[in-house]
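A.B. asks: Quick one: structure below, then a few questions.
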Amino acid sequence: MLGFYFDQTLCNGCKACQIACKDKHDTPDGVVWRRVVEYAGGTWQVSGDTVTPNVFAYYTSVSCNHCENPICVSVCPTTAMTVRDDGTVFVDESKCVGCRYCEWACPYSAPQFNAATGHMSKCDLCADYRQQGQDPACVAACPARALHWGPIDELRAEHGSEAAIEPLPDPSITQPRLVITPHPDAQPTGQGTGHIANRKEI
């Protein structure tokens, strides 16, 4: 079963992964399968007459995590959303009626409505590239090599199993096939003191 590994310590928010995905799949305006989220926060520390900023910011590259318990599949009334043999979640546009139930259910906002076709669309981990022995577009484009992909068991054996980092949702909801090496300032899901700083972009 395939999944993603993301090293948050290496990501500088350049959005090369996001641009490469959009370019490869030629998605229309408003449809962004991979998004880079900036999470920021902090306060001022006062010590006598000295005021020092105690702030943080870090980035998270987010796409479909091809979950072990994909809610998008379970809520789809037409069986358009399916799990392939390699664990990737796929939307069959010939069956999709554009009801958007999957979009509303997914905590990662992975399925996205394409108004031009009237159907849902989403990341398929670049199935065509993988069949040709290539990396997914987002992985290949990352200049910092913060993104990787492969069998999730191997990724977890090498990097651990952390996936509960703000601003991502609780991984127990869908059991994402995602592993994160957290940024030094990263906060656990549900315990964050910051906010999404680039909400209009995502």
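A.B. asks: Leaving out same-chain residues fewer than 8 places away, which lysines sit with a Cα under 28 Å from that of Lys95?
C.D. replies: Lys22, Lys24, Lys122
A.B. asks: Relative to the longest principal Cα axis of the chain, at what angle does helix 16-25 sit, 0 to 90 degrees, rounded to 10?
C.D. replies: Tilt relative to the chain: about 10 degrees.
A.B. asks: Could you work out the equivalent-ellipsoid semi-axes for the stretch 1-142, taking the square root of 5 times each eigenvalue of the Cα gyration tensor, largest first, in whole Å? Before the final figure, lay out each step's value.
C.D. replies: Working: eigenvalues 232, 65, 40 Å².
Its equivalent ellipsoid spans semi-axes of 34, 18, 14 Å.
A.B. asks: With no other cysteine's Cβ closer than 4.7 Å, which Cys residues of the chain count as lacking a disulfide-compatible partner?
C.D. replies: Cys with no partner Cβ under 4.7 Å: Cys11, Cys14, Cys21, Cys67, Cys76, Cys96, Cys99, Cys106, Cys126, Cys142.
A.B. asks: Next question, about the same structure. Taking 0.36 nm per residue of separation and subtracting the Cα-Cα distance, what length does fully extending Val97 through Ser109 add? The partial results should precede the final answer.
C.D. replies: Values: separation 12, 0.36 × 12 = 4.32 nm, distance 1.81 nm.
Length difference between fully extended and current span is 2.5 nm.
A.B. asks: Which of the trypsin sites (Lys or Arg not before Pro) found in the stretch 105-202 are loop residues per DSSP with 11 or fewer other Cβ atoms within 10 Å of their Cβ? The partial results should precede the final answer.
C.D. replies: Values: sites: Lys122, Arg130, Arg145, Arg156, Arg177, Arg199, Lys200; in loops: Lys122, Arg145, Arg177.
Passing sites in the stretch 105-202 are Arg145.
A.B. asks: Considering the options Pro77, Ser161, Ser47, tell which one lies farthest towards the positive end of the dipole of the chain, charges being +1 on Lys and Arg and -1 on Asp and Glu at the Cβ, about the Cα centre.
C.D. replies: Pro77
A.B. asks: Turning to a different aspect of this structure: Sort Thr60, Thr82 by Cβ crowding within 10 Å, fewest neighbours at the top. If you can, show how the numbers build up before the last one.
C.D. replies: Working: Thr60 22, Thr82 15.
In order of increasing Cβ crowding within 10 Å: Thr82, Thr60.
A.B. asks: To the nearest 20 Debye, how big is the dipole of the chain about its Cα centre, given +1 on the beta carbon of each Lys and Arg and -1 on that of each Asp and Glu?
C.D. replies: Here the chain has a charge dipole of around 380 debye.
A.B. asks: Same structure, new question: Quick one: longest stretch of the chain between exposed loop GluC sites (Glu not before Pro), exposed meaning at most 15 other C-beta atoms within 10 Å and loop per DSSP? Mind dumping the intermediate values first?
C.D. replies: Working: sites that count: Glu68, Glu93.
Excluding the exposed sites themselves, the longest stretch runs over 94-202.
Read the figures in this text as sums done on the coordinates, not as results from a lab. Values in this document were obtained by computation on a predicted structure and should not be read as measured data. So basically every Cβ, Gly included, is an ideal-geometry build from the backbone, and we count neighbours across all protein chains shown.
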